[in-house]
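Enquirer: Questions regarding the structure given below will be posed in turn.
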Amino acid sequence: MDKKKTIILLWLFTACFALMMPSSLWAQSAVKNLQFCGSDTRNDSVVLFFRLLDDTGKRITSLDEENVKKHLNIFEDGKHVNWDDATVQLVKSGKRIPGDCTFSVLVDLNIPDAGKKQIYKALKDLVESAPDGCVYISFFGDQVGSSLLMTSKNYAQFEGLFMQSATLKYFYSAVYSKLIEFNSGKAPGEEDINYGSDYKKNEAIAKRAAAHKGKNYLFIFTECGKIPEIELLSYSDATEYQRDKSHDVPVVYAFYYTGDGQIDEDVRVTLSGITEHEELAQDRRGKYMPSDDLDKVIGSVAEVIEGQMYDYAFIYKAQRESYGGDYKFVAEWNDNIIGKETTLTIGSQERPWVPLGGKKMSIGDILMMGLLALLITLLTIAFFFIVMKVAIPWIKSKTFAAKYYKKYVPEANVQRRVCHYCKQDLQPGQMIVAKCKHVMHLHCWKINNYKCSEYGQNCNVGMQEHVEWDSLLSKRSIRDCKQTIAGIIAGLVSWIVYKLLGSGAVFTALAKPIVKVFYKSEGQVANLFDSCVDKVSSFLAIGLLLGFFLSFVFRYNDEYRNKNWKILLKILGLSLLSGLIGMVAFAIGGCILCALLPIINTTNIPWYCSLPAYLLFSICVSLSLTIKSSVPTKSAMLGGLCSAVIGFVVLYFSRMTSSGMNVLLDFVIYGGGLGASLVTVRALAEKYFLVIQNGVKAGQRIPIHKWMNATGGGKKVTIGMTGECEIQMNWEKSNKVAKEHAKLFIDQVRNVPMLQPLANGVVYNTRVELPVGKPSVLTNGDSFKIGDTIFQYVETD
Ligand SMILES: [Zn+2]
Ligand SMILES: [Zn+2]
């Protein structure tokens with residue numbers, strides 16, 4: 001074979017080979033990037049929208065489903081999605097344009113009616129593919145008209161406007177006014193535009209453009225009629241404005257209908273100048289598309305619109321029992337990772353999405369869920385109990401021991417020192433406790449139940465908090481955790497009602513208007529609007545329920561009086577108020593969430609957008625708890641905030657398999673934490689005084705909490721004439737005071753201070769004489785008279 005023949009054969013082979021090779025191989029080798037554009041859910045499937053890009057960032061839409069399937073692999077949170085459970089689709093209908101795009105469409109009324117009709121029809125595709133709020137339309141001819149919002153709903157109203165006619169063509173005015181509308185503020189030469197009398201600049205366009213740079217488009221439809229000689233604006237006004245880097249300008253696509261065979265040179269130069277001129281930055285260039293065939297013009301429009309859309313949908317069977325929040329997606333093409341990891345939101349933490357089509361909840365499932373909820377509640381109670389009764393006292397006890405347990409070293413100048421408990425000499429080297437000046441043997445300290453022998457009388461610091469193992473499960477110990485347990489149970493009840501209300505679905509109608517007002521960039525990524533509505537409706541339910549039930553149990557426990565129907569009604573009313581306050585707080589939090597999302601512009605709802613709502617709720621509900629109750633503000637606020645944050649972290653950063661259990665855990669942690677903080681601070685705030693109101697001792701404050709402290713001391717204070725009494729009324733000159741006239745003590749069941757007369761003549765609040773032997777509750781500010789002396793009972797923080 002000679003050389004020539006070989007070359008020809010080689011050529012033939014190559015040509016055949018090239019022909020036989022499926023065209024897809026050419027295309028697929030070019031796929032360099034996959035861009036996730038959003039997610040959606042359908043029955044039992046998750047839908048991910050995406051685009052394929054080549055190495056220059058150009059979109060590849062030529063691959064059919066089979067070819068994509070051959071090369072693509074998608075990973076959900078690192079787990080490969082099996083193709084047996086998945087399909088890929090070329091997206092052909094529905095809202096496929098990302099909602100952050102803005103289109104301003106400018107139509108020349110001089111175009112023949114048939115042509116305008118066709119343009120009107122072509123725009124239908126645009127408004128149906130784009131979320132509402134993306135498309136604006138305006139007309140020009142004898143003057144320039146305002147840009148009007150066009151949606152799939154009001155589309156039909158525009159048909160008449162297309163049929164208006166014009167005799168003149170204010171071309172430069174029209175182009176320039178639409179260019180500058182993408183910026184707020186005044187533009188040079190704005191006053192020279194030939195506006196219609198009712199013209200109004202549409203501020204929404206500039207706002208959207210500022211939020212989403214590079215996603216703005218101007219479509220110009222025009223024909224070749226004459227431009228009036230007197231037009232004040234010119235070609236250079238438009239191009240200079242457009243080339244100035246400080247202006248946000250849209251990418252311009254010009255559709256020039258040259259139907260009657262002639263081309264106006266001024267229009268041509270202008271249109272190509274603002275679309276494709278080489279002085280225009282690469283990312284600002286659009287396309288100039290002249291055609292004498294209206295069908296071709298419309299085809300060009302379709303092509304440009306198509307250019308903004310999602311191209312493919314990856315639809316796969318749900319991989320989990322439920323989806324609640326953010327999931328990370330990665331795509332591989334021929335085993336190479338293409339595109340960066342993208343976070344998409346599916347369902348929400350508050351209302352996980354549960355795939356349909358699977359099993360329906362049977363009675364058994366519901367029972368299991370109830371048991372699980374009960375178990376979680378009990379474990380939470382146990383956890384709080386252990387923290388409050390073991391962990392914290394243990395740590396305190398250990399630090400106390402490290403600080404004050406010492407080996408006795410005799411001081412110089414001191415001959416001997418005795419233990420204040422056993423009165424024996426302290427020997428060098430013996431372990432002692434040196435917390436207060438009443439030094440004791442360590443073993444004596446322990447025998448005396450970890451406190452100084454003088455504690456409650458001449459000493460108010462000699463006390464060691466410790467784990468009371470033998471009385472750990474005593475009634476008193478459990479009563480200390482009463483508010484905590486109540487808060488946890490309120491959390492459980494709130495959760496049950498929350499589930500019954502469809503995790504807040506009942507508030508959808510209420511949430512929608514809120515999201516509409518604050519989620520300005522509707523459909524920034526196509527489905528975030530719905531996610532926001534879901535989230536805000538859940539927020540409203542959580543605010544109402546937690547606010548109501550927590551307030552109810554705390555107020556019920558706080559109320560020591562007999563709960564007659566009047567008092568119950570008052571508790572109920574105040575709790576409803578707390579519920580409403582919680583709801584309003586969460587509504588404001590929802591507004592913050594919706595306002596934040598367009599600013600940060602992501603494909604998902606990041607956790608930090610929800611945090612303000614929870615914090616605000618906690619602050620407001622804590623404050624509402626202090627209304628007409630003895631709950632101290634500062635502690636409620638601090639404790640509430642801490643537990644809200646911990647609950648939030650559990651809700652947003654842990655993934656339990658069973659849907660909705662995260663929400664329960666959040667509720668019980670918040671309730672328990674808030675309850676615990678109310679108790680702790682209450683104990684700290686227990687500072688009781690008697691203030692003498694009259695006579696020689698008027699104004700003297702007697703700190704009775706020293707004796708009456710619930711955690712130690714004799715737990716009672718007696719008032720009378722003898723030295724046996726804690727308060728000896730030696731100033732009293734009358735003979736009306738008995739040796740022991742009255743007793744103050746803390747009611748261990750209700751945890752409230754009581755006054756018990758031991759002799760006749762104790763006058764309560766200057767009105768009633770109290771019967772001997774019968775204790776009455778003392779509330780802050782109450783007064784009582786013994787002999788001629790009036791005491792006022794005062795609690796301070
Ligand atoms: Zn001793
Ligand atoms: Zn002491």
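The values are calculated or read from the model by the stated rules, or taken from the named source; none is laboratory data. Remember, it's a predicted structure, so these values are computed and weren't measured experimentally. Methodologically, a virtual Cβ is constructed for each residue, glycine included, from the backbone with ideal geometry; neighbour enumeration extends over all protein chains shown. Just the protein is used for accessible areas: all its heavy atoms, side chains included, with ligands, DNA and RNA removed. Shrake-Rupley method; radii C 1.70, N 1.55, O 1.52, S 1.80 Å.
Enquirer: Would segment 160-176 turn up any residue that is among the β-branched types (Val, Ile, Thr) and farther than 22 Å from Gly299 by Cβ?
Expert: Scanning segment 160-176 turns up at least one residue that is among the β-branched types (Val, Ile, Thr) and farther than 22 Å from Gly299 by Cβ.
Enquirer: Still on this structure, please answer the following. Pick out the one residue from Tyr253, Tyr241, Tyr310 that is hydroxyl-bearing (Ser, Thr, Tyr) and touching a Ser or Thr at 6+ places or on another chain (Cβ under 9 Å).
Expert: On inspection, the qualifying residue turns out to be Tyr253.
Enquirer: I'd like to verify a number: residues in segment 389-445 that are touching a helix residue (DSSP H, G or I) at 6+ places or on another chain (Cβ under 7 Å) and within 14 Å of ligand 2 (Cβ to nearest atom), how many?
Expert: Residues meeting the conditions: 6.
Enquirer: Separate question: Looking at Thr718 and the list (1) open to solvent by 40 Å² or more (accessible area, probe 1.4 Å); (2) in contact (Cβ under 8 Å) with a residue 40 or more places away in the chain, which single condition is not satisfied?
Expert: So Thr718 meets the others, but not (1).
Enquirer: Further question: Exactly one of (1) buried (at least 22 other Cβ atoms within 10 Å of the Cβ); (2) modelled with pLDDT under 85 is unmet by Ser659. Its number?
Expert: Exception for Ser659: condition (1).
Enquirer: Would you call Tyr217 of a type in the set (Phe, Trp, Tyr), surrounded by 15 or more Cβ atoms within 10 Å (Cβ to Cβ) and touching a helix residue (DSSP H, G or I) at 6+ places or on another chain (Cβ under 7 Å)?
Expert: no
Enquirer: Which one is most open to solvent (accessible area, probe 1.4 Å) among residues in segment 138-191 that are aromatic (Phe, Trp, Tyr) and in a strand (DSSP E or B)?
Expert: Ranking the qualifying residues of segment 138-191, first place goes to Phe139.
Enquirer: Scan segment 87-111 for residues that are in a loop (DSSP other than H, G, I, E, B) and at pLDDT 85 or above and jot them down.
Expert: Leu109, Asn110, Ile111
Enquirer: When both residues are 6+ apart or on different chains and their Cβ atoms are under 8 Å apart, which pairs have a first residue that lies in segment 614-641 and is within 11 Å of Ile581 (Cβ to Cβ), and a second that is aromatic (Phe, Trp, Tyr) and modelled with pLDDT of 90 or more?
Expert: Taking only residues 6 or more apart or on different chains, the pairs are Leu616/Phe586; Phe617/Phe586.
Enquirer: Moving to a separate point now. Tell me, please, whether a residue that is over 28 Å from Gly214 (Cβ atoms) and surrounded by 17 or more Cβ atoms within 10 Å (Cβ to Cβ) can be found in segment 121-137.
Expert: No - not one qualifying residue is present in segment 121-137.
Enquirer: Starting from residues that are without any contact (Cβ under 8 Å) to a residue 12 or more places away in the chain and within 42 Å of the chain's Cα centre (by Cα), keep the ones in segment 449-477 and report whichever is nearest to ligand 1 (Cβ to nearest atom).
Expert: Per the stated criteria, the residue is Trp469.
Enquirer: Report yes if some residue within segment 609-625 is of a type outside the set (Asp, Glu), over 29 Å from Arg479 (Cβ atoms) and in contact with a strand residue (DSSP E or B) (Cβ under 6 Å, 6 or more places away or on another chain); otherwise report no.
Expert: No, there is no match, as no residue in segment 609-625 is of a type outside the set (Asp, Glu), over 29 Å from Arg479 (Cβ atoms) and in contact with a strand residue (DSSP E or B) (Cβ under 6 Å, 6 or more places away or on another chain).
Enquirer: Run Ala486 past the list (1) among the hydrophobic types (A, V, I, L, M, F, W, C); (2) more than 16 Å from ligand 1 (Cβ to nearest atom); (3) over 52 Å from the mean Cα position of the chain (by Cα); (4) under 30 Å from Val387 (Cβ atoms) and report the number of the one that doesn't hold.
Expert: (3)
Enquirer: Of the residues that make up segment 231-241, is at least one closer than 16 Å to Gly273 by Cα, among the aromatic types (Phe, Trp, Tyr) and open to solvent by 50 Å² or more (accessible area, probe 1.4 Å)?
Expert: There is at least one residue in segment 231-241 that is closer than 16 Å to Gly273 by Cα, among the aromatic types (Phe, Trp, Tyr) and open to solvent by 50 Å² or more (accessible area, probe 1.4 Å).
Enquirer: Quick one: Gly781 ticks every box in (1) closer than 20 Å to Asn694 by Cα; (2) in contact (Cβ under 8 Å) with a residue 24 or more places away in the chain; (3) open to solvent by less than 40 Å² (accessible area, probe 1.4 Å) bar one, so which box is it?
Expert: (2)
Enquirer: Another question about this same structure. Would you pick out the residues in segment 242-256 that are open to solvent by 60 Å² or more (accessible area, probe 1.4 Å) and in contact (Cβ under 8 Å) with a residue 12 or more places away in the chain?
Expert: Within segment 242-256, Arg243, Lys245 qualify.
Enquirer: Here's something else I'd like to know. Under the condition of being open to solvent by less than 70 Å² (accessible area, probe 1.4 Å) and within 10 Å of Gly225 (Cα to Cα), which residue from segment 257-272 is modelled with the highest pLDDT?
Expert: Val267
Enquirer: Oh, and also: All but one of (1) open to solvent by less than 70 Å² (accessible area, probe 1.4 Å); (2) part of a loop (DSSP other than H, G, I, E, B) hold for Lys736; which doesn't?
Expert: It fails just one condition, (1).
Enquirer: Now for a separate question. Anything in segment 420-448 that is within 23 Å of Ser471 (Cβ to Cβ), open to solvent by 20 Å² or more (accessible area, probe 1.4 Å) and within 14 Å of ligand 1 (Cβ to nearest atom)? List them, or say none.
Expert: Tyr421, Leu442, His443, Lys446, Ile447, Asn448
Enquirer: Is it the case that segment 399-419 has a residue that's open to solvent by 30 Å² or more (accessible area, probe 1.4 Å), in contact with an Asp or Glu (Cβ under 7 Å, 6 or more places away or on another chain), part of a helix (DSSP H, G or I) and under 30 Å from Ala676 (Cβ atoms)?
Expert: Taking every residue of segment 399-419 in turn, none turns out to be open to solvent by 30 Å² or more (accessible area, probe 1.4 Å), in contact with an Asp or Glu (Cβ under 7 Å, 6 or more places away or on another chain), part of a helix (DSSP H, G or I) and under 30 Å from Ala676 (Cβ atoms).
Enquirer: Looking at Phe385, is it more than 16 Å from ligand 1 (Cβ to nearest atom), within 17 Å of Cys452 (Cα to Cα) and in contact (Cβ under 8 Å) with a residue 60 or more places away in the chain?
Expert: no
Enquirer: Out of (1) at pLDDT below 75; (2) touching a Cys at 6+ places or on another chain (Cβ under 9 Å); (3) surrounded by 12 or more Cβ atoms within 10 Å (Cβ to Cβ); (4) not β-branched (Val, Ile, Thr), what's the single condition that is false for Lys226?
Expert: (2)
Conditions (1) more than 16 Å from ligand 2 (Cβ to nearest atom); (2) at pLDDT below 85, marked per residue:
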| position | (1), (2) |
| --- | --- |
| Ile447 | no, no |
| Asn458 | no, yes |
| Val461 | no, yes |
| Ser474 | yes, yes |
| Ser477 | yes, yes |
| Gly487 | yes, no |
| Leu510 | yes, no |
